[in-house]
Amino acid sequence: SLFDDLLAAVAPLALIVLNSLLPAILGFYCKLEGHIGTPSLQASLFNKLTLFQLVQTFFVSAISGSLFDQLTCLTNDPAGQTIRILATSLPSQAVTFMGLTIVQTTVGMCHELLRMMPALFAFIRRYVGPRLTEEERKEDFFILAPLCNPGEVDYAALFAETMLMFITLFVYAILSPISSFVML
């Protein structure tokens, strides 16, 4: 039906939007852990993001479609049935992960290249922040930064997304070789 097709088209975009909020949420919890410096904070955030995205995006979406149907078989023989469920459900998820890769690459790249949020913050800062001297115009005003200040690169979020892409590439390169062309 039309609703199912629309839901299948919007699902990768919704997953990417939720995954883009994840670094801020997990970053808050990593700061509460009390790390001494930024490198250890970024390493902790990278570990949490990679593990969460691997489990949530990869395993949950691969298993969830067939898990509810075969829950009774899984309770009788957990080890044997888990392998069988993965063997039958992973190849059918190749199209979902190809769509996720295409949307994540295009939306993420456009967002990064156009710098929409820094441009919006700079526009707001132009009218809200202090602008008496040249030095004041180049400084941050709370979270509002001018365009001449590009900000820091969030390596943990960037590398966690890259790890997820490589894991899906390595898994689906064997199961569905056409996905290798999309993911590269």
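The values are calculated or read from the model by the stated rules, or taken from the named source; none is laboratory data. On a predicted model such as this, the values are computed, not experimentally measured, just so you know. Neighbour counts run over all protein chains shown; Cβ positions are idealised from the backbone, glycine included. Side chains are part of the model used for accessible areas, which takes the heavy atoms of the whole protein and leaves out ligands, DNA and RNA. Shrake-Rupley method; radii C 1.70, N 1.55, O 1.52, S 1.80 Å.
Here is how the numbers come out for the structure above:
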{"quantity": "Helix 38-53 axis, angle to the chain major axis (alpha carbon atoms, nearest 10°)", "calculated": "30"}
{"quantity": "Cα lying deepest toward the dipole's positive end in the chain, options VAL182, MET109, PHE142, charges on Cβ", "calculated": "PHE142"}
{"quantity": "FRET efficiency, MET163 to ALA9 (Cβ-Cβ, R0 35 Å, nearest 0.05)", "calculated": "0.85"}
{"quantity": "Structure-derived Rg and Dmax of the Cα atoms in Å: which label, when the choices are (i) 20.9, 73; (ii) 27.1, 94; (iii) 19.2, 62", "calculated": "(i)"}
{"quantity": "Accessible area expressed per residue, region 10-159, with surrounding protein chains retained (probe 1.4 Å, Å²)", "calculated": "67"}
{"quantity": "Between 0 and 90°, nearest 10: helix 116-128 axis offset from the chain longest Cα axis", "calculated": "30"}
{"quantity": "Around GLY129: net Lys/Arg minus Asp/Glu count, Cβ-Cβ under 10 Å", "calculated": "+1"}
{"quantity": "Size of electric dipole in region 95-184: Cβ of Lys, Arg +1 and of Asp, Glu -1, about Cα centre, debye, nearest 20", "calculated": "260"}
{"quantity": "Acute angle (nearest 10 degrees) that the helix 155-175 long axis makes with the longest principal axis of the chain, alpha-carbon atoms", "calculated": "20"}
{"quantity": "Extension gain (nm, one decimal) between ALA119 and GLN56, 0.36 nm per residue minus Cα-Cα", "calculated": "19.5 nm"}
{"quantity": "Electrostatic dipole magnitude of the chain [Cβ: Lys, Arg +1; Asp, Glu -1; Cα centre; debye, to 20]", "calculated": "160"}
{"quantity": "Total formal charge among the other residues, if their Cβ is under 13 angstrom from that of MET109, Lys/Arg +1 and Asp/Glu -1", "calculated": "-1"}
{"quantity": "Accessible area of region 86-162 belonging to carbon and sulfur atoms, whole % at 1.4 Å probe", "calculated": "68"}
{"quantity": "Of all accessible heavy-atom area on region 1-40, the percent that carbon and sulfur account for (1.4 Å)", "calculated": "75"}
